[in-house]
Amino acid sequence: MKFRKDTDLNPASSTRAAPADACGTAPHRAAEPELTPERPLAFEVLATHGAARVGALRTPHGTVTTPAFVGVGTQATVKTLTPDVVAATGTQLLFANTYHLYLRPGAELVARHGGLHRFMRWDRPILTDSGGFQVFSLGASIEHGVGKVASIFPGEAPAAPRRPGGSGMVRVREEGVEFRSHIDGSRHFFTPERSIEVQRQLGADIVLAFDECTSPLHDEAYTRASLERTHRWAQRSLDAFLAGRALHGYPQALYGIVQGGAYRDQREESARVIGGMPFHGLAVGGNLGSTHQEMYDILDWTVPLLPPEKPRHLLGIGDVPGVFEAVARGIDTFDCVAPTRNARTATIMVRRGDDGRPARRFRLNVRGAAYADDLRPLEEGCDCYTCRNFTRAYLRHLFKAGEQLGPQLATIHNLRFMARLMDDIRAALLDGTFEEFKAATLAGAELG
């Protein structure tokens, strides 16, 4: 099937020879219920393969076929791309950042425009975070020299010591979080209630409860105190959400966030506590350990304890091995800024290297001299706009010349890479070949 035109906003077709309903109409779908404030989303498990599952997540702005990658539009935009181009890559839903939009342009302004969907002209589902991640990124992330994108797994980082950036910009206390704006240094205070209020103004289909994201370098005692505070904030978030109302003519859903760092007893406790609250879906977040294996262990402890009828989101993970392993453990959606952020530095996502083996970390950097006269597409077999029209040599030229078209074309490819990967994962789950597909994709890959 040919890649659709940029104006076509339907979900992408699968790149595998799989049942047509792997990415479109799912098999044995029940009649779609009406969405209401009491039931703002509907999630149906369509097929399972071990713990992995294919599902349909219905929201007021469309149905997402899962497992699905969530593109990141931090400030109500996927950098360099228009919304119709993002949709044409097969991206089904976007993730926007409450903290950034609260500071600029302001949630009240977005609300006056009718919410994020109208403000940014995106007619598919949107998920917003709570602002809790900025507790980490402006606080412990600076103090500990770790982050969600760079050095998220300290145990896999190069041997060179991390260089903490000094004192953080955040003060956490029971009532909420005081922080200084990264834009102008002004002081602000976020509480669970304020986070829900802001997310109501932004109007995303799915909003997240306010939480604290701990660092991989926090000790067990601090992680315990943070966990218990996050549970209290989860209840306050629920109370505020249920006491309020949607502002833009459609219902919103609220997800709770499981925390607990890399400590099994805390993760299991959090899964039971958050999973037992009347959230519409669940997210797994926070410190996911010092290595990929620790993250997989955390998912092994956590996911089996979550209610199977509710959708599950994994916060901040979007690398190829991580996606495969999380899908195998029953995760439905993932968000990560890496595919789009890396695209802006000429880092292209590919499955295979020139030797036919899995590419190291599933990447190539098109700035390299080896691509100066390379007339091949970024990735053989890719149906994205970039690969159908341009060569590696041209992309290298654009990046070397500092032309804005370079990051734009690379971003189109990387988003389409993720969409095609998820298409193929869903198809493999439906035809019972997921383990073989996973093994063939990851076999021999250098992940460090």
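We did not get these values from a lab; they are worked out from the coordinates using the rules stated. Small disclaimer: the values here were computed from a predicted structure and weren't measured. Cβ placement follows ideal geometry from the backbone for every residue including glycine, while neighbour counts extend to all protein chains displayed.
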*Spin-label point model (7 Å from Cα, Cβ direction): what's the ARG121 to ARG180 distance in nm?*
3.8
*Rel. contact order, % - alpha carbon contacts under 8 angstrom, at least six apart, the chain*: 18
*asked:* To make sure I understand, if each residue's beta carbon is the centre and we count other beta carbons within 10 Å, what order do LEU41, LEU116 fall in, fewest to most?
replied: LEU41, LEU116
_Centroid-to-centroid separation of segment 38-114 and segment 280-322 [C-alpha atoms, Å]_ = 18
*At a Cα cut-off below 14 Å, give the aspartates and glutamates reachable from LYS438, other chains included and same-chain residues fewer than 8 away excluded.*
ASP319, GLU325, ASP423, ASP424
*Sort largest first and round to whole Å: the equivalent ellipsoid semi-axes of the chain, each the square root of five times a Cα gyration tensor eigenvalue.*
32, 25, 23
*Select from segment 379-448 those GluC sites (Glu not before Pro) which occupy a DSSP coil region and have at most 16 other Cβ atoms within 10 Å, ordered by residue number.*
GLU380, GLU403, GLU446
